[in-house]
Amino acid sequence: MDVSAAQAPLLIGRDLHFAYGQTPVLEGVGLEVRPGRMLCVIGPNGGGKSTLLGLLSGLVRPARGRVLLDGVDIFGLPRAQVARRVGLVSQAPQLAPGLSALETVLAGRFALMGGRQFENQADLAAARQAMALTNITHLADRPAGALSGGERQRLALARALVAEPELLFLDEPTSALDLEHQISIMAMLERACRQKGLGVCLVSHDLNLAALFCDQLLLLAGGKALACGPPHAVLTPALIQKAYGLAVTIDAEPSRGRPRVTPLAPPLPPG
Ligand SMILES: Nc1ncnc2c1ncn2[C@@H]1O[C@H](COP(=O)(O)OP(=O)(O)OP(=O)(O)O)[C@@H](O)[C@H]1O
């Protein structure tokens with residue numbers, strides 16, 4: 001099943017404002033996440049990306065503006081219902097160090113277990129599938145506390161996937177991953193979008209990875225959306241200069257023809 005881009009948005013963030021104390025962090029940001037599509041929020045450090053994910057996932061209430069899940073204000077919905085439909089993998093996911101990787105993933109099934117105390121065969125099969133998708137099957141019996149950074153990142157993703165969310169927020173999901181896993185995890189998310197209609201909204205500093213896999217990019221800087229649209233419309237030298245104060249060249253990468261950003265380094269120092 002290919003899920004059409006014409007489908008109604010699953011989530012709408014409208015005119016979102018937020019401040020920590022007196023310091024504004026988001027000023028009038030809007031976006032839409034559609035089923036079957038991937039949106040990536042990019043932008044410089046401190047631009048408000050993680051804060052935005054907090055608002056969109058219903059964890060933090062905006063000072064102004066609204067977050068609508070299927071047209072309904074997310075802050076008016078029962079928390080359990082939001083948790084059932086919306087997954088969030090934060091930058092530093094909390095993992096109980098003593099639980100094995102398999103137990104950690106199974107814990108992600110909790111909301112689907114409907115009061116059952118113990119997992120059944122379907123839960124176990126779902127956990128094993130999520131572990132296969134994130135390439136952590138071989139780590140099933142290892143304690144979460146004994147995993148590497150990249151292994152923990154994939155474990156947190158497996159725990160989110162096993163809950164079968166409709167919408168998944170991911171804060172820098174590939175930051176600890178090696179090159180092969182960056183591609184395989186993004187490709188896996190892309191397949192989940194296209195085949196199951198999952199809506200994905202992620203944050204990334206990897207502009208090229210975002211361009212390669214995401215349908216839409218939102219460029220956030222200083223709490224404001226500088227641009228939102230398909231990769232070729234957002235990744236322009238002028239917009240990148242404006243957001244990052246950095247000169248870049250942009251060409252087409254060879255596999256999909258998506259924009260590829262190359263930062264221009266200053267001249268070599270003498271000596
Ligand atoms: N709990 C907090 N209290 C006060 N200020 C905060 C808090 N969390 C974040 N900030 C500030 O809000 C601004 C936006 O932070 P946020 O983490 O949303 O940015 P970001 O774009 O995700 O950054 P990065 O790319 O560095 O992860 C930053 O200036 C940050 O210092």
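No value in this document is a laboratory result; all are computed from the given coordinates. From a predicted model like this one, the values you see are computed outputs, not experimental measurements. Backbone-built Cβ (ideal geometry, glycine too); neighbour counts: all protein chains shown.
With θ set to phi - 60° and the Karplus curve 6.51 cos²θ - 1.76 cosθ + 1.60, what are the ³J(HN,Hα) couplings of region 11-28 in order, to the nearest whole Hz, using x for Gly and Pro?
Result, rounded to whole Hz: 9, 10, x, 10, 6, 7, 10, 7, 9, 8, x, 8, 8, x, 10, 10, 9, x.
Based on a Kirkwood Rh over C-alpha pairs, give the Stokes-Einstein translational diffusion coefficient of region 11-263 at 20 °C and viscosity 1.002 mPa s in µm²/s.
114
Treat every Asp and Glu Cβ in the chain as -1 and every Lys and Arg Cβ as +1, leave all other atoms uncharged, and give the resulting dipole magnitude about the Cα centre to the nearest 20 debye.
Approximately 420 debye in magnitude.
Could you give the length gained by full extension between Ala146 and Gln94, i.e. 0.36 nm per residue of separation minus their alpha carbon distance, to one decimal place?
17.3 nm
Leu246's amide H: which non-local residues (gap 5+, or another chain) put their own amide H closer than 5 Å, with H modeled 1.01 Å from N in plane and none for Pro or chain starts?
Correct list: Gln241.
Starting from the Kirkwood radius over alpha-carbon pairs of region 193-271, derive D by Stokes-Einstein at 37 °C in a medium of 0.692 mPa s and give it in µm² s⁻¹.
237
How large is ³J(HN,Hα) for each residue in region 218-225, as worked out from phi by the Karplus curve 6.51 cos²θ - 1.76 cosθ + 1.60 (θ = phi - 60°), to whole Hz, x for Gly and Pro?
Going residue by residue, I get 10, 9, 10, 8, x, x, 10, 7 Hz, with x marking Gly and Pro.
With a 4.7 Å Cβ cut-off, tell me which Cys residues in the chain come up empty for a partner.
Result for the chain is Cys193, Cys201, Cys228, no neighbouring Cys Cβ within the cutoff.
Relative to the present Cα-Cα distance, how much length would full extension add between Thr262 and His232 at 0.36 nm per residue of separation?
Stretched out fully, the Thr262 to His232 stretch lengthens by 9.4 nm.
Between the alpha-carbon centers of region 8-75 and region 179-227, tell me the distance in whole angstrom.
Cα centroid to Cα centroid, the span is 16 Å.
Please turn the phi angles of region 140-145 into ³J(HN,Hα) values with the Karplus equation 6.51 cos²θ - 1.76 cosθ + 1.60 (θ = phi - 60°), one per residue in order, whole Hz, x for glycine and proline.
3, 8, 7, x, 4, x
Would you be so kind as to identify which of Leu139, Pro263, Leu31 lies farthest towards the positive end of the dipole of the chain, taking Lys and Arg as +1 and Asp and Glu as -1 on Cβ and the Cα centre as origin?
Checking the options against the dipole of the chain, the answer is Leu31.
Could you compute the net charge surrounding Gly145? Neighbours are other residues with a C-beta less than 14 Å from the C-beta of Gly145; K and R count +1, D and E count -1.
-1
For labels at Glu180 and Ala132 in the simple 7 Å Cα→Cβ model, what's the distance in nm?
1.9
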